[in-house]
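Q: Input: one structure, supplied below.
Each value in this text was obtained by applying a stated rule to the coordinates, not by laboratory testing. Bear in mind that the values here come from a model prediction, so they are computed numbers and not experimental data. Don't worry about glycine lacking a Cβ; one is built from the backbone with ideal geometry, like all the others, and counts go over all protein chains shown.
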Amino acid sequence: MKQEVTLNLSNIDRVTSISKALSSKLRVEILRLLDNHALNISNIAETLDIPVSTAALQIKVLEEAGLVVSEPLPGIRGSQKVSGIKVKTVHIDIKSSDDDASSSRSVKISMPIGNYSDCNIEAPCGISSETNAISHDDDKDAFYLPDRTSAQIIWFYKGYLEYRFPKRHVDEHGRINGVEFTFEACSEAPGYDNNWPSDITIWINGVEIGGFRSEGDYGGRRGKHNPQWWPDILTQYGKLYSVMIDDEGCYVDNKLTSGENLKSLRINEGDFISFKIGVKSDSEYVGGMNLFGNRFGDFDQNIEMTLKY
């Protein structure tokens, strides 16, 4: 589900950035073009009859404004950047008092991938920090070592990792009306294999809410944030995925996957929200998974939870 952005004049940088992005007829045309389809830079340039360099520059402005999201996808001639619309609506309230701003707020919490509260892992598996392998390959006991909290890449064949996100930043009188999780992941093949599907499942507060199919364990080029010691022949990067929950249902990468909602998942109850991710034994494609921290892969982030209240 695309985001709904609500701002007021206290959000000076964001308002200015979005206003700049929408001030160009060409960028508005690009947004119209991306309304129903994600496209790469060459497709955009060809359709609008503009130079590829011009299309790339306009996409960059839209990305900086948070209106468009882009990610690299492997192709026959190497990876290519594919862009799609990230935002459904933008509402700017001209009245910018602090009282108005506090009526709709959000909190973002970044969870390092090694800070899981529970796990159940089947080999092949492994866990590495930014500087070294935490243990040898297929050592399941390593997932319980204190050093696991420094993990920047985790991989396994089947099983799950569970993370418990605190809600302490939410005002005691605030009601959570939306939750979003974002993370970088891919499947897990020996070495790497860009065509290696795996069905990855998500649970929220112990309830399965759907999942997604990773089409490959991506390599062939280095991940943007990978340390130098990491071998070229291994997994390099993943894709950025999102899980959203609101009053109507659960969405994985903007697709409705479950009728479970904020109420049925008890999001406004308890002291934490449980986010569990893994590969089930009875999935159609059991192809393992890789999970990336902010010092590995292509995206400078850990698992992030955003609460809207």
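Q: As a quick test, which of the pairs LYS60/LYS167; LYS86/LYS224; LYS140/LYS255 have an alpha carbon distance above 32 angstrom in this structure?
A: Listed pairs above 32 Å: LYS60/LYS167; LYS140/LYS255.
Q: Looking at the chain only, what percent of DSSP beta bridges run antiparallel? Nearest 5 please. Can you show the working numbers first?
A: Working: 71 of 77 bridges.
Percentage antiparallel, nearest 5: 90.
Q: How many nm is it between the label spots at ASP49 and LEU73, if each spot is 7 Å from the Cα in line with the beta carbon?
A: 2.7 nm
Q: With each label point set 7 Å from Cα along the Cα-Cβ vector, what nm distance links GLU64 and ASN195?
A: Using points 7 Å along Cα→Cβ, the separation is 4.0 nm.
Q: Also: If you add up the charges near CYS125, with Lys and Arg at +1 and Asp and Glu at -1, over every other residue whose beta carbon is less than 10 angstrom from its beta carbon, what do you get?
A: -3
Q: Still on this structure: Relative contact order of region 3-102, please, whole-number percent, based on alpha carbon pairs below 8 angstrom and at least 6 residues apart.
A: In percent, rounded to a whole number, it is 43.
Q: For the chain, what is the mean residue ellipticity at 222 nm derived from helices alone (per DSSP H run of n ≥ 4: -39500 (n - 2.57); sum divided by total residues; nearest 500 deg cm²/dmol)?
A: -4000 deg cm²/dmol
Q: Now a separate question. Report the full-extension gain for the segment LYS81 to VAL207: residue separation times 0.36 nm, less the Cα-Cα distance, to one decimal in nm.
A: 41.9 nm
Q: So what's the gap between the Cα centers of region 260-309 and region 154-218, to the nearest angstrom?
A: Cα centres, region 260-309 to region 154-218: 3 Å.
Q: Let me have the relative contact order for the chain, percent, based on Cα pairs under 8 Å that are six or more residues apart.
A: For the chain, the relative contact order is 21 percent.
Q: Still on this structure, I have one more. Between ASP13 and ASP282, what is the spin-label point distance in nm, taking each point 7 Å from the Cα along the Cα→C-beta axis?
A: About 4.8 nm separates the two model spin labels.
Q: Taking amide hydrogens as modeled 1.01 Å from N in the peptide plane, which residues meet the under 5 Å criterion relative to ILE92, leaving out close sequence neighbours?
A: Correct list: LEU7.
Q: Given R₀ = 41 Å, FRET efficiency for LYS224-ILE94 by Cβ-Cβ distance, to 0.05?
A: Details: r = 39 Å, r/R0 = 0.95.
FRET efficiency, LYS224 to ILE94: 0.60.
Q: Taking amide hydrogens as modeled 1.01 Å from N in the peptide plane, which residues meet the under 5 Å criterion relative to SER242, leaving out close sequence neighbours?
A: It is ASP253, by chain and number.
Q: Between LEU256 and LEU33, what FRET efficiency comes out of the Förster formula 1/(1 + (r/R0)^6) with R0 = 25 Å and r the beta carbon distance, rounded to 0.05?
A: 0.55
Q: Contour minus end-to-end for LYS108 and SER42, with contour as 0.36 nm per residue of separation and end-to-end as the Cα-Cα distance? Write down the numbers at each step before the final one.
A: Working: separation 66, 0.36 × 66 = 23.76 nm, distance 3.43 nm.
Working it through step by step, the gained length comes to 20.3 nm.
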